[in-house]
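The values are calculated or read from the model by the stated rules, or taken from the named source; none is laboratory data. Small disclaimer: the values here were computed from a predicted structure and weren't measured. Here the Cβ is made from the backbone with ideal geometry for all residues, glycine too, and neighbour counts use every protein chain on show.
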Number of protein chains: 2
Amino acid sequence: MKVVTTIKEMQAEMLVQKKQGKSIGFVPTMGFLHEGHLTLINRARQENDIVVLSIFVNPLQFGPKEDFSTYPRDFERDRALAESEDVDFLFFPSVAEMYPHPSSVKVVVQDRTDVLCGKSRPGHFDGVATVITKLFNIVMPTRAYFGIKDAQQVAVIEGLVTDFNFPVQLIAVDIVRENDGLAKSSRNVNLFPDERQQATILYKSLLAAKDAITQGERNSFTLIHLIKEMITSESDGEIDYVEIFSYPELITMEELNGRIIIALAVKFTKVRLIDNLIIDIEE
Amino acid sequence: MKVVTTIKEMQAEMLVQKKQGKSIGFVPTMGFLHEGHLTLINRARQENDIVVLSIFVNPLQFGPKEDFSTYPRDFERDRALAESEDVDFLFFPSVAEMYPHPSSVKVVVQDRTDVLCGKSRPGHFDGVATVITKLFNIVMPTRAYFGIKDAQQVAVIEGLVTDFNFPVQLIAVDIVRENDGLAKSSRNVNLFPDERQQATILYKSLLAAKDAITQGERNSFTLIHLIKEMITSESDGEIDYVEIFSYPELITMEELNGRIIIALAVKFTKVRLIDNLIIDIEE
């Protein structure tokens, strides 16, 4: 595995690979790798000749009151994990390398942002779309891998790729779950034992909504009500949101059809959990 | 020469060329080709294996009161010219192909726009930067060619390429001039004969400023005054602006150093002419 810290060298390395006709699988991260990242790397490894992992804690996507400076970082641990996962190139630029001076341009995301978690993070997705634009131009990937757990991020990047015509195939990788259905997260360890048990209701409620859709239910409010009832009656979690949108447009719809996402966030004592399910409704 | 009208086909054609290791020279235009465009095409032809010309009148860069619908178009004439200049691919998409639905993202240009001609065209350069981002992703050029006559556009695109790390070499092609120094323009035919004679003062005044710099003058205001005096005394043209900035940052400077641009716009009876000179000042 080669560690590259400059944009110029990374582009030169990638051009060499592309001239040899190699496909490039790209996993952009902010580091502090967990099982979700490793799933993305494995998938990239299976589908491409070359795997590139980037580690860059992007200041542009943190709000002024957010935790840019305290965001967890452990490069040596990440490097060892990447090496063991057979990554070919680890791109690890500094902030000064990525943003040497105030940028004359930025990407502004015009929709898909004012819902779900984006509602409370103005400018966050502009920062995400801007750094992904830069990283795509630096790595020139054939395929880029993102976890669908952050479905709104995937929706925004889908819009970026489609509307800016990036010659990149976006791969949204399914949520990895524990045996009892709870979506894997490094934060799950912060659940108390009874909360850990209760938290299984999140995915169960999503599946119940899916069943209801299969049996013909199409009303968004009815389904949201069903999910909220299940979570409230089966757990002490406090519901942050339960929402249903078209996917990836993230537009509210009363009568459901086509591809939709059911997304929820629930607060437990020390941790807020998110989960979602994307469903294709055929008429 | 192959005429391509869809993004998908264009990207597929370009990937074939790139896999063969071919360099791609790209000349983006809004069509109605004139001698300036042909100069860009010739330069691209000399320096690359493959030459791509795009013709797309981009609605995003026209203001609500500007002339998008009446902008001159003559595809058959342009096609014949491109063919005779040995262009390999002519990319000619429709507006519906480039903007099939409201875009979820756009490029916002954060500086270099609020001076010169950009001052009176809010949003114009956002539209330019957005369509160039799309075209770069579609054509994937090795080199892209722009005329330095529109120096502000070149400055904005230089920022776009640098700050978004596009793997594209930007080539700013010198202004082509008549024998008497007047910058070539399709609009020159709209000068009355006496104005055509007077108009030579534009370039002469730029050269006089350059001479003054060579002889040690570094004060921006003194040089601007010199140019304005020359134009006013030697022509009936009405000065729109004479400005000096750092280049490509387009920042005002009182004491000149480094790379600078002197740019001017002068109105004659039926036509407004622009010209500029970029000078490297070594201390």
Report yes if residue B:81 is surrounded by fewer than 23 Cβ atoms within 10 Å (Cβ to Cβ), within 28 Å of residue B:251 (Cβ to Cβ), without any contact (Cβ under 8 Å) to a residue 60 or more places away in the chain and hydrophobic (A, V, I, L, M, F, W, C), otherwise no. no
Tally of residues being at positive phi and either acidic (Asp, Glu) or over 21 Å from the mean Cα position of the chain (by Cα) (or both) across region A:169-206: 0
Per the filter on region A:103-119, residues over 30 Å from residue A:45 (Cβ atoms), part of a helix (DSSP H, G or I) and of a type in the set (A, V, I, L, M, F, W, C) are A:116
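Residues to consider are B:24, B:50; find the one that is modelled with pLDDT of 95 or more, more than 14 Å from chain A (Cβ to nearest Cβ), within 22 Å of the chain's Cα centre (by Cα) and farther than 30 Å from residue B:119 by Cα.
B:50
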Just name the residue that is surrounded by the most Cβ atoms within 10 Å (Cβ to Cβ) out of those in region B:118-140 that are under 24 Å from residue B:239 (Cα atoms) and touching a residue at least 60 places away in the same chain (Cβ under 8 Å). B:125
Would you check if there is a residue in region A:33-45 being touching a strand residue (DSSP E or B) at 6+ places or on another chain (Cβ under 8 Å), surrounded by 14 or more Cβ atoms within 10 Å (Cβ to Cβ), of a type in the set (Ser, Thr, Tyr) and assigned to a helix (DSSP H, G or I)? yes
Which residue is farthest from the other protein chains (Cβ to nearest Cβ), if the candidates are limited to region A:103-119 and must be in contact with a helix residue (DSSP H, G or I) (Cβ under 8 Å, 6 or more places away or on another chain) and of a type in the set (S, T, N, Q)? A:113
From the option list A:105, A:115, A:87, A:52, single residue qualifying as closer than 30 Å to residue A:240 by Cα, surrounded by 14 or more Cβ atoms within 10 Å (Cβ to Cβ) and assigned by TED's automatic domain parsing to the domain that holds residue A:149 is A:115
Single match in B:122, B:93, B:100 (criterion: within 24 Å of residue A:160 (Cα to Cα), under 20 Å from the mean Cα position of the chain (by Cα) and either in a loop (DSSP other than H, G, I, E, B) or within 12 Å of chain A (Cβ to nearest Cβ) (or both)): B:122
Hits in region A:60-74 - residues which are farther than 15 Å from residue A:34 by Cβ and free of Cβ contacts under 8 Å to residues at least 60 places away in the same chain: A:64, A:65, A:66, A:67, A:68, A:69, A:70
